[in-house]
Amino acid sequence: MSGLTVLGALDDRVADVVRSGDRLVRSAAALSDAGLRAPSGLPGWTRGHVLAHVAHSADAYVWLLRLARTGREPGPRADPATLAAALKRDAALSADPLTALLRESLDRFTAQARAMPAPAWDRPVAALAGWRHPAWYLLLRCLRELETHHFDLGVGHGTEQWPDAYVSWALDDTLGTLRTQGFPLASVEAPDLGRRWAVAADGPSVAGAGHQVLGWLTGRLPAGVLTTGHPARLLPDPPAWPQPPLPGWGRVDDET
């Protein structure tokens with residue numbers, strides 16, 4: 001399936017990433033050094049950890065875009081231990097250097113994306129965890145990082161501020177994967193998006209604004225924000241998020 005078919009105009013998807021990135025950078029720039037050391041919404045992470053993680057993720061996506069464009073690895077790929085050490089180091093930066101690091105990483109990503117020739121978008125690349133996907137999926141991964149972790153920053157960027165286009169895609173992707181895993185949820189409805197998803201043959205059904213449903217599936221909102229015919233406590237617990245890419249692209253280690 002072509003990335004152009006899935007994404008529509010690639011320039012529009014890059015523009016989505018730019019807008020989301022600009023919002024996050026503005027929030028980062030408004031934080032003091034003390035604000036960066038405050039806890040984020042992620043256990044054990046400060047706000048500095050969240051921002052450093054987003055910057056490093058963007059750099060990882062740049063590496064993969066270059067691989068897709070040239071067919072050659074653009075230098076060694078950072079392993080988990082190296083990434084963990086870099087995260088610890090950069091999370092301790094003061095406000096101005098950390099905001100600059102984030103800005104530069106996001107700018108590198110969008111510059112690489114704009115330089116990609118159309119055929120390269122369909123070339124397969126692999127996430128560090130081994131999941132294979134076409135290069136165009138990196139635009140969606142980056143947008144997911146930006147919007148989800150902006151929420152995690154704890155500065156007032158709630159799920160209601162997630163763009164509808166992002167929410168709709170993320171629900172398609174997440175619920176499609178949960179469907180193949182037999183997640184015991186019959187259906188999901190998001191009236192604000194005019195969307196409904198069938199998930200399993202049996203189980204409870206839920207409804208709510210799309211951003212609320214996605215907030216629940218990502219572990220950011222409680223089940224109580226949703227409408228269901230069952231007590232919220234009886235809803236299945238969503239698995240760790242994000243889910244692997246929608247099944248069909250496989251894993252690198254499937255070939256060995």
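Structural remarks
- Test: residue 27 is exposed (fewer than 12 other Cβ atoms within 10 Å of the Cβ) and farther than 22 Å from residue 128 by Cβ: no
- Flag if residue 215 is closer than 26 Å to residue 24 by Cα and open to solvent by 10 Å² or more (accessible area, probe 1.4 Å): no
- Subset of the stretch 134-157 [open to solvent by less than 10 Å² (accessible area, probe 1.4 Å), farther than 27 Å from residue 117 by Cα and not hydroxyl-bearing (Ser, Thr, Tyr)]: 150, 152, 153
- Of the residues examined, residue 200 is not one that is surrounded by fewer than 19 Cβ atoms within 10 Å (Cβ to Cβ) and under 20 Å from the mean Cα position of the chain (by Cα).
- Looking only at residues of the stretch 60-107 that are in contact with an Asp or Glu (Cβ under 6 Å, 6 or more places away or on another chain) and open to solvent by less than 30 Å² (accessible area, probe 1.4 Å), we find that the one that is farthest from residue 149 (Cα to Cα) is 95.
- Check on residue 122, among the charged types (D, E, K, R), within 24 Å of residue 237 (Cβ to Cβ), touching a helix residue (DSSP H, G or I) at 6+ places or on another chain (Cβ under 7 Å) and surrounded by fewer than 22 Cβ atoms within 10 Å (Cβ to Cβ): no
- Considering residues of the stretch 211-256 that are small (Gly, Ala, Ser) and under 16 Å from the mean Cα position of the chain (by Cα) only, the residue modelled with the highest pLDDT: 215
The values are calculated or read from the model by the stated rules, or taken from the named source; none is laboratory data. No experiment lies behind these values; they were computed from the predicted model shown. Every residue, glycine among them, receives a Cβ derived from its backbone with ideal geometry; neighbour counts consider all protein chains shown. Protein only, heavy atoms only, side chains kept; ligands, DNA and RNA dropped before computing areas. Shrake-Rupley method; radii C 1.70, N 1.55, O 1.52, S 1.80 Å.
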